[in-house]
Amino acid sequence: MAKILMKGNEAVAEAAIRSGCRLYFAYPITPQSELIEYMAKMMPKVGGTFLQAESEVAAINMVYGAAGAGKRVMTSSSSPGISLKQEGISYIAGAELPAVIVNVQRGGPGLGDIQPAQADYFQAVKGGGHGDYHLIVLAPNSVQEFADMASDAFDLADKYRNPVMILSDGMLGQMMEPVEFKPAKTQEEINTLGEQHTAWCICPNADGDAKHHHEINSLELDPSVLEKHVNHMYEKYAVVEKNEVRCETYNVSDDNEVLCVAWGSASRIVKSAINELKKEGKSVGLIRPITLWPYPYEAIVKAIGPKVRQVYVFELNTGQMLDDVKIAVEGRVPVKFWGKVGGIVFTPAEIQEKLEACF
Amino acid sequence: MPKMTVDPYYCKGCGLCIAACPKKIIRFSENINEKGYHYAECYKQEECIACKMCYMTCPDVAIKVEK
Amino acid sequence: MEVIARRPETLTKTPFTYCPGCLHGVAHRLIAEAIEENGLINQMAGVAPVGCSVFAYKFFNFDMAEAAHGRAPAVATGMKRARPDMHVFTYQGDGDLAAIGTAEIVHAANRGEKLSVFFVNNAIYGMTGGQMAPTTLPDMKTTTSPYGRNVEDIGYPIRMCELLSTLVAPYYVERVSLLSPAEIIKAKKAVGKAIQYNRENRGFTFIEFVSTCPTNWGIDPVKSRDWARDNMLPFFKVGCFRDKGEENVQGVEK
Ligand SMILES: Cc1ncc(C[n+]2csc(CCOP(=O)(O)OP(=O)(O)O)c2C)c(N)n1
Ligand code: SF4
Ligand code: SF4
Ligand code: SF4
Ligand SMILES: [Mg+2]
């Protein structure tokens, strides 16, 4: 299939539809509006459900209902809207429902601004809602990857019965890049997907089984039963941590004197700076976590070459991923951070300058 | 002949059926159930007219009426 | 001998967790009977609220989801949209539906979602120990209105049937009471109609039950019905507010 020039927000929506998503509930917010608008246009054409909810709170609870009915369902928003969704996300995780949530991040806190930022790392990776749970968090750094992650996210959500968040930002959402889509799932494939969860989901009692009684629920008043449930979730998370960690290594070699860690849009800029430094004979490597949870701790340790004297974390926030990098590095080498906030995106020249100071 | 029976397993001894019965033939048993309630019982089955008022009013769906 | 009244099969064998004489149980039974009578046991799904009826998902003998506080209409919307071949209802208390979940109920009604909503108005927050509800009556004492509900300060109780019947979409809106066998028989008709309309996918149906909370009102089950009759019914008038399935529907009973 030929490549199409598309905005990230539209590409992820198209890819979600191709992955068999036929239910989408959301509330408008900048900078994700192209996504909801694309869904509004396309869902009716494929016989799907597009519903503009009265709020993000309602939208995520519609997702809870549709996911509880075992169907592929997605919602999207930007940072303030994701805050509102946190209640529902906690319930979705607690009830072990598969669902995909896209966050096209903007600057915060509060109403913040509508420029790109990475300030929702904590919210996405360290909880956000109440209780012990994890989201699987995928962080794209190109329009192509943003689109590809839609199908990955649905597969992971279905596989682990857990909500998956694609943590993008206003830059990836708004920018246009050529993108190639996977073939769309056929109606037959979608029907099969829709029935994969009938052992537990809300569904008609087709053969009139007298015992048929499925409960979608996160309530358990007996502490020992709730403990068992949380332990069960964490056993599942251990499997996710073992099997699903993804990261990209860029220019990592034994010659590296500095190792950078950056994710999402920020990593693109760091890459440009690394290329410039290469011309000057300065060797800098980059680890780009693609899954923010589970986090690539081991990959970071492995990438610390013999000559590395500085690990440098660059983010469009005040250092939210920094803690995870420190956990990985365990004091082997000094870890430094530099970032920009308020929706300001750093330039390759700025990163280059920071890195040059390490040589 | 009509028959009303209370399942002691469900009865919570609220007395709403007693208030509802037009024939006044329901009372609290001297016995208690597992939960410690004096459950309701019909003590004059022969007077029951199968009007189902007891069933209709019982919040714990403990009553069966036969005719 | 023929059984003429028994536990419907649409209820599980689990005993209700409600206090003795609590009319949540009557509302459950009416819903369960209507579902059984409409032959929907294998196509039905319900959404339980947060409130005393939080465990409703254990009591109905078909698929059930437990929603976050107030969100049942949104959850039911998602369920019905995902499985249009199923029939969906929510069951909600007054705190759940008329306070924290006001946006969800108003918008589900306004969209005309093909759901039934069963709303139990007991003028109080039962589960959390008798705090003031949006439906608490003027001057009524609760644990958070210890001097009585001061309408100058906190406003008047919300009448949900009246509010929802200002919207165009709702198909059927009726308020019933559960305070005597005769009233329960009327309520049964209304519930039956709501479930029938639901089966026929006609639109949004809403039944409000004027109910009791003997425990938090501190009145025994039999007398609490009299209290509700004297105090709630004058403010929450029973009657049909909207029935698009019938011509010439009058407002409330005068
Ligand atoms: C988000 C949230 N806020 C508060 C609560 C606590 N809470 C549980 S039930 C309830 C009130 C329920 O009252 P109502 O809906 O009237 O139901 P009733 O118990 O009277 O049947 C509250 C405030 C909660 N569970 N979740
Ligand atoms: S059926 Fe009627 S008469 Fe018989 S016990 Fe019940 S209420 Fe009384
Ligand atoms: S109404 Fe039901 S629960 Fe109450 S006393 Fe009678 S049988 Fe028992
Ligand atoms: S607290 Fe009130 S509403 Fe709740 S179960 Fe008891 S009587 Fe019913
Ligand atoms: Mg209440």
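Here are the numbers for this structure:
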item: Paramagnetic reach from B:Tyr43 in the range B:1-33 [backbone N under 17 Å; point 7 Å along Cα→Cβ]; result: B:4-6, B:13-33
item: Where chain A is the region considered: accessible area per residue in Å², 1.4 Å probe; result: 38
item: Protection proxy ranking of A:164-176, A:316-328 - average other beta-carbon atoms within 10 Å, highest first; result: A:164-176, A:316-328
item: Convex hull volume of the range A:224-302 per residue (C-alpha atoms, cubic angstrom); result: 87
item: Residue mean of other protein chain beta carbons inside 10 Å, C:36-45; result: 3
item: Normalised contact order of chain B, rounded percent, pairs of Cα under 8 Å and 6 or more residues apart; result: 47
item: Full-extension gain in nm, A:Val230 to A:His130, via 0.36 nm per residue minus C-alpha separation; result: 34.7 nm
item: Coarse-grained scattering of the protein assembly as shown at q = 0.09, 0.10 Å⁻¹, given as base-10 log I(q)/I(0) from a Debye sum over alpha-carbon atoms; result: -0.80, -0.93
item: Charge dipole (the range A:4-195, unit charges on Cβ, about Cα centre) - positive-most of A:Gly20, A:Gly94, A:Thr192; result: A:Thr192
item: Rounded to the nearest 20 debye, dipole of the range A:131-201 from Cβ charges on Lys, Arg, Asp, Glu; result: 140
item: Estimated FRET transfer efficiency (C:Asp220, A:Phe122; beta-carbon r; R0 51 Å; 0.05); result: 0.45
item: Pairs of Cα atoms farther than 19 Å apart, the range C:109-254, %; result: 53
item: Gyration tensor over alpha-carbon atoms, chain A, equivalent ellipsoid semi-axes in Å; result: 36, 23, 18
item: The range A:20-67: translational diffusion in µm²/s, Stokes-Einstein, Kirkwood Rh over Cα pairs, 4 °C, 1.567 mPa s; result: 120
item: Accessible area (Å², 1.4 Å probe, nearest 10) - C:Arg202; result: 90
item: Chain B - Rg over Rh from alpha carbon coordinates, Kirkwood radius; result: 0.93
item: Unit charges at the beta carbon, dipole of the protein assembly as shown: most positive-side option, A:Gly170, A:Leu292, B:Tyr10; result: B:Tyr10
item: Separation of alpha-carbon centers, the range B:1-58 and the range C:61-93, rounded to whole Å; result: 35
item: Fraction of accessible area attributable to carbon and sulfur, the protein assembly as shown (%, probe 1.4 Å); result: 52
item: Computed E for A:Lys182/A:Glu298 - FRET, C-beta separation, R0 41 angstrom, nearest 0.05; result: 0.90
item: Area buried, chain A against chain C - accessible surface, total, 1.4 angstrom probe, square angstrom; result: 2700
item: Debye intensity ratio in log₁₀ form over the Cα atoms of the range A:4-195, taken at each q of 0.10, 0.19 Å⁻¹; result: -0.33, -1.33
item: Buried area at the B-C interface (accessible, heavy atoms, 1.4 Å probe, summed, Å²); result: 2400
item: Dipole moment magnitude, nearest 20 debye, the protein assembly as shown about Cα centre, only Lys, Arg, Asp, Glu C-beta charged; result: 940
item: Selection from C:Asn121, C:Leu137, C:Gly192 lying farthest towards where the dipole of the range C:24-243 points positive, charges on Cβ; result: C:Gly192
item: Debye log10 I(q)/I(0) at q = 0.09, 0.14, 0.18 Å⁻¹ for chain C, Cα point scatterers; result: -0.35, -0.88, -1.52
item: For residues of C:97-105, the mean tally of beta carbons on other chains within 10 Å; result: 2
item: Chain A, relative contact order [Cα under 8 Å, separation at least 6], %; result: 18
item: Residues of chain C: accessible area per residue with a 1.4 Å probe, Å²; result: 35
item: A:Asp155 versus A:Arg246: modelled label distance in nm, points set 7 Å from Cα along the beta carbon direction; result: 0.8
item: Chain A - charge dipole about Cα centre, Lys and Arg +1 at Cβ, Asp and Glu -1, debye rounded to 20; result: 680
item: Helix-only CD estimate at 222 nm, as mean residue ellipticity for the protein assembly as shown, using -39500 (n - 2.57) per DSSP H run (n ≥ 4); result: -10500 deg cm²/dmol
item: Shielding by partners, peptide C:49-55 (average Cβ within 10 angstrom, other chains); result: 1
item: Cα-projected label distance for A:Lys211 with A:Asp254, points at 7 Å along beta-carbon direction, nm; result: 6.1
item: Residues of the range A:62-89 buried by at least 10 Å² on assembly (accessible area, 1.4 Å probe, chain alone as reference); result: A:Met62, A:Tyr64, A:Gly65, A:Ala66, A:Ala69, A:Lys71, A:Glu87
item: Length released on extending from A:Glu280 to A:Lys326, taking residue separation times 0.36 nm less the Cα-Cα span; result: 13.7 nm
item: DSSP loop chymotrypsin sites (Phe, Trp or Tyr not before Pro) with at most 16 other Cβ within 10 Å: longest gap in chain C; result: C:1-146
item: Largest-first principal axis extents, alpha carbons of the range A:247-356, Å; result: 33, 31, 22
item: Chymotrypsin sites (Phe, Trp or Tyr not before Pro) restricted to the range A:125-163 and DSSP loop, no more than 10 other C-beta within 10 Å; result: none
item: Å² of accessible area per residue within the range B:3-66, as computed with a 1.4 Å probe and no ligands counted; result: 47
item: The range A:121-246, relative contact order [Cα under 8 Å, separation at least 6], %; result: 22
item: Those lysines that a straight Cα-Cα span of less than 19 Å connects to A:Lys159, excepting residues fewer than 8 apart in one chain; result: A:Lys71, A:Lys185, A:Lys236, A:Lys242
item: Estimated distance in nm for a label pair at C:Glu246 and A:Glu353, the labels positioned 7 Å out from Cα along Cα-to-Cβ; result: 7.8
item: Förster radius 56 Å - calculated FRET efficiency between A:Thr198 and A:Leu111 (Cβ-Cβ, nearest 0.05); result: 0.85
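The values are calculated or read from the model by the stated rules, or taken from the named source; none is laboratory data. These figures come from a predicted structure and were not determined experimentally. Here Cβ is always computed from backbone atoms with ideal geometry, including for glycine, and neighbour counts include all displayed protein chains. Only protein heavy atoms, including side chains, enter the accessible area calculation; ligands, DNA and RNA are left aside. Shrake-Rupley method; radii C 1.70, N 1.55, O 1.52, S 1.80 Å.
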